Amino acid sequence: MEKRKQSYFRPDPRTWLLLCLLGIASILLVHSEIGGLCLFLGCLLIHLLTGKANKILPYALYYLVFYGIGWAGVRLLDSNVAFSVSSMLSSIGIVGRKILIPLSFATALAGEATGSLMAALQAMRFPKAVGIAVAVVLRFFPTISGEYRAIRSSQRFRGIGVGVVHTLTHLPSTVEYILIPLILRTTKVAEELSASMTVRGVRFSGETISYRPIHFSWKDGALCVFMAVIAGAVFVLEKGGVL
Amino acid sequence: MIELKNVSFSYANNCENSGLRRIDLTVKKGELIILAGKSGCGKTTLTRVLNGLCPQFYPGNLTGSYSLDGQDALKMPIHQLGTMVGSVFQDPRSQFFTTNTTDEIALGMENIPLERAVMQERVKAVCAQMNIDRLLDRRIFPLSSGEKQLIAIASICAMEPKVIVMDEPSANLDSDAMVRLGTLLYRLKAAGHTIILSEHRFHYVRDSFDRLVFMENGAISAIYDHNEALRLKREQLAGMGLRPFEAPAFQVGGAFQSKPEDTLQVSEISCMLDGRQILEEVSFSARSGKILAIAGPNGAGKSTLCRTITGLYRAMGTVQIDGEYLKRKKRTNHSFFVQQDSDYQLYAPTVLDEFWIGKKETPARKETALAKLKEMGLDAFQNRHPASLSGGQKQRLLLAIAAASSRSLLVFDEPTSGLDGYNMRLTVQLFKQLAKEGKCLLLITHDMDLIAEAADCVLYLEQGKVRYHRNVLR
């Protein structure tokens, strides 16, 4: 199993960052339905080539869900039901499908070891503060979700927000009982984390050496070129009226 | 190595009242010093002064002088001080910066900075010494609190600082990990490192500490050398609010005999989380009026088991409470789970309001709440905001809420983690009172003092399986 995993090419963190930026640029430039689908298929192919085949099915499902939401929005437009609802649904469908492309690369970037990520950003001549900010963001979201789960678990034993009906009928108090401990905990965690980082010299702006070596190979370059070529080709075909 | 002369410190925001008053302390190179005292006596603030967090991170007024290895430490920037004074903090969940264990261990070394080959060598050495190779290259978030604490300790030890300051490093560790930590500290001391240990549990450094510094109200009340400290009688230590030096003396005897009328009957619970088998066909029972301690190494599946029993996690197997087979959601209604951190378990604007949160306030409920608050010694705080209580008081408030909940099964996750001797003994009394009232108590704990003083039987888990379920002999 381990050998099979290692046989795949593991991109440099900078590759994911570049792919993410290319993804953002491509969804801003490409507007057609078919063009968007081509970009999405190209994105899935990159995940397949980098050993992330297990992600393909979930991404494909998300794509279909967003397609369904968009389709429902358009149908509602036809049937003259509330315009705001139908336009909102169709917008969610379109934006959701588009955002999946850079988001899937960003998720892969988030999966990289923090040390590699900071080293990669430093190699790209970004100030250290950028690396720290990225690492804190990656650290922050799982922390918040962990704290949220802990709060909700505790609340079940106190009879707060048990079930959808109870939550909806007591929405203001439920939200209050979630937010207050969440803010208290987040503040405490942020303070302690910051103290821990400070004494370990993370904020030190001098030279640092990363534990993990990073290497941007020709394969990394090829992946970025592949994505750029797909985006460029789709854009040109779209402008030429083919798509 | 360390010389503190007439050091006083008060926090600028005045939120934390545990400042320092006229601290005079000299620590030689290679000494292991224990800072002891009741919670809130100023131990943590003293460690913050030593590592430079006070006043460089926590602003406040610091007077006096602090010399470190012949240099004026008060003039050193904090990152420079950090390379000389390594710090392990109390809460393992909020002190890691990266998402991967190996990166976390290497983090401090990257910033010194050390050569990559040296870092790799040190990571290997420290992991071998602490027996934590199994934790390398794993995601930090799914680890247990004890495992996270081991990573935090390894991260500091790998930096090989001249001085190591640890704030209750054993609070979440199992017995084996504690012994290994004791050995590691002994080796570090022998290698010339100066160690300052703020602790409530002393037995794992019983043979290696040099002096015990006893603090009260932000000042040093007494300093005992090794022999003087060991001569302190149990009653004297109890009077000082400290725990004993000796490892608690208790034995487990014959196997616990399950009976059909037992309040809790757990049968063949198996659970997988994050693609790992955490529990494997765990079966046991627990009785009302008895206290069952669930013990075992860090990551053995203790918390997962209790979360499954109380309906927080889905798992294979069956759970019977009060003779009734219950589905997951029903189990939550029949039990009360007090988690380790009280901060996210208190929601109301006042202590008294906590008792009818999610319910209606009735005269009967108010009467029960007031009675429970009185039992726990919290009646004077009924109109205070729960967040303003101390850690021990919050813990007792949760005990009172659990007692008033009329649930027959009460589960507590590490209830005495970080508690001094005084608060630990108080908590034990309250547990015994709850058991006397007919509640069935499960305590997830590594605290041998707690097991020795409170538990009637012990369920020992190892790698997700029951190793034994036996009665405690006294």
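Some observations on this one:
- Set B:329, B:360: member being assigned to a loop (DSSP other than H, G, I, E, B) and within 14 Å of chain A (Cβ to nearest Cβ): B:360
- Taking the range A:130-157 as the range and being of a type outside the set (A, V, I, L, M) and more than 17 Å from residue B:100 (Cα to Cα) as the test, the residues that pass are A:145, A:147, A:148, A:149, A:152, A:153, A:154, A:155, A:156, A:157.
- Scanning the range B:62-80 for residues that are within 16 Å of residue B:7 (Cα to Cα) and touching a Ser or Thr at 6+ places or on another chain (Cβ under 8 Å) returns B:62, B:63, B:64, B:72, B:73, B:74.
- Condition met for residue A:175 (under 24 Å from the mean Cα position of the chain (by Cα) and more than 10 Å from every other protein chain (Cβ to nearest Cβ)): no
- Of everything listed in (1) assigned to a helix (DSSP H, G or I); (2) free of Cβ contacts under 8 Å to residues at least 24 places away in the same chain, the single unmet condition for residue B:224 is (1).
- Within the range A:102-146, considering residues that are within 13 Å of chain B (Cβ to nearest Cβ) and not in a helix (DSSP H, G or I), the one farthest from residue A:223 (Cα to Cα): A:113
- Hey, residue A:65 in the same structural domain as residue A:194 (by TED's automatic domain parsing), assigned to a helix (DSSP H, G or I), out of contact with any Lys or Arg (no Cβ under 9 Å at 6 or more places or on another chain) and within 24 Å of residue A:19 (Cβ to Cβ) or not: no
- Test: residue in the range B:120-138 that is touching a helix residue (DSSP H, G or I) at 6+ places or on another chain (Cβ under 8 Å), part of a helix (DSSP H, G or I), at the interface with chain A (Cβ under 7 Å from one of its Cβ atoms) and more than 18 Å from residue B:195 (Cα to Cα): no
- Unique match (being of a type outside the set (S, T, N, Q), part of a loop (DSSP other than H, G, I, E, B) and exposed (fewer than 15 other Cβ atoms within 10 Å of the Cβ)) among B:169, B:244, B:161, B:260: B:260
- Only one of the listed residues (B:431, B:412) is in a helix (DSSP H, G or I) and among the aromatic types (Phe, Trp, Tyr). That residue is B:431.
- Residues (within 8 Å of chain B (Cβ to nearest Cβ) and under 26 Å from the mean Cα position of the chain (by Cα)) located in the range A:178-187: A:182, A:185
- All positions within the range B:328-367 that are more than 30 Å from the chain's Cα centre (by Cα) and closer than 25 Å to residue A:170 by Cα: B:330, B:359, B:360, B:361, B:362, B:363, B:364, B:365, B:366
- Filter pass, residue B:141 being in a loop (DSSP other than H, G, I, E, B), facing another protein chain (nearest Cβ under 10 Å), under 21 Å from residue A:131 (Cβ atoms) and in contact (Cβ under 8 Å) with a residue 12 or more places away in the chain: yes
- Exactly one residue out of B:94, B:87 is surrounded by 23 or more Cβ atoms within 10 Å (Cβ to Cβ) and more than 20 Å from residue B:8 (Cα to Cα), and it is B:87.
- Candidates B:420, B:456, B:449, filtered to the one that is acidic (Asp, Glu), more than 18 Å from residue B:301 (Cβ to Cβ) and modelled with pLDDT of 90 or more: B:456
- Checked against (1) assigned by TED's automatic domain parsing to the domain that holds residue A:189; (2) of a type in the set (Gly, Ala, Ser); (3) out of contact with any helix residue (DSSP H, G or I) (no Cβ under 8 Å at 6 or more places or on another chain), residue A:131 passes all but a single condition, namely (3).
- Checking the stated criteria, residue A:155 turns out not to satisfy the condition of being part of a helix (DSSP H, G or I), over 17 Å from the mean Cα position of the chain (by Cα), within 12 Å of another protein chain (Cβ to nearest Cβ) and at pLDDT below 85.
- Residue list for the range B:24-70, filter: basic (Lys, Arg) and either in a helix (DSSP H, G or I) or modelled with pLDDT of 90 or more (or both): B:28, B:29, B:43, B:48
- For the range B:83-108, a residue qualifies if it is more than 7 Å from chain A (Cβ to nearest Cβ) and aliphatic (A, V, I, L, M), and the qualifying residues are B:84, B:85, B:88, B:105.
- Scanning the range B:57-82 for residues that are under 22 Å from residue A:197 (Cα atoms) and of a type in the set (S, T, N, Q) returns a single hit, B:80.
The values are calculated or read from the model by the stated rules, or taken from the named source; none is laboratory data. As the structure is a computational prediction, the values presented were derived from the model and not from experiment. Every residue, glycine among them, receives a Cβ derived from its backbone with ideal geometry; neighbour counts consider all protein chains shown.
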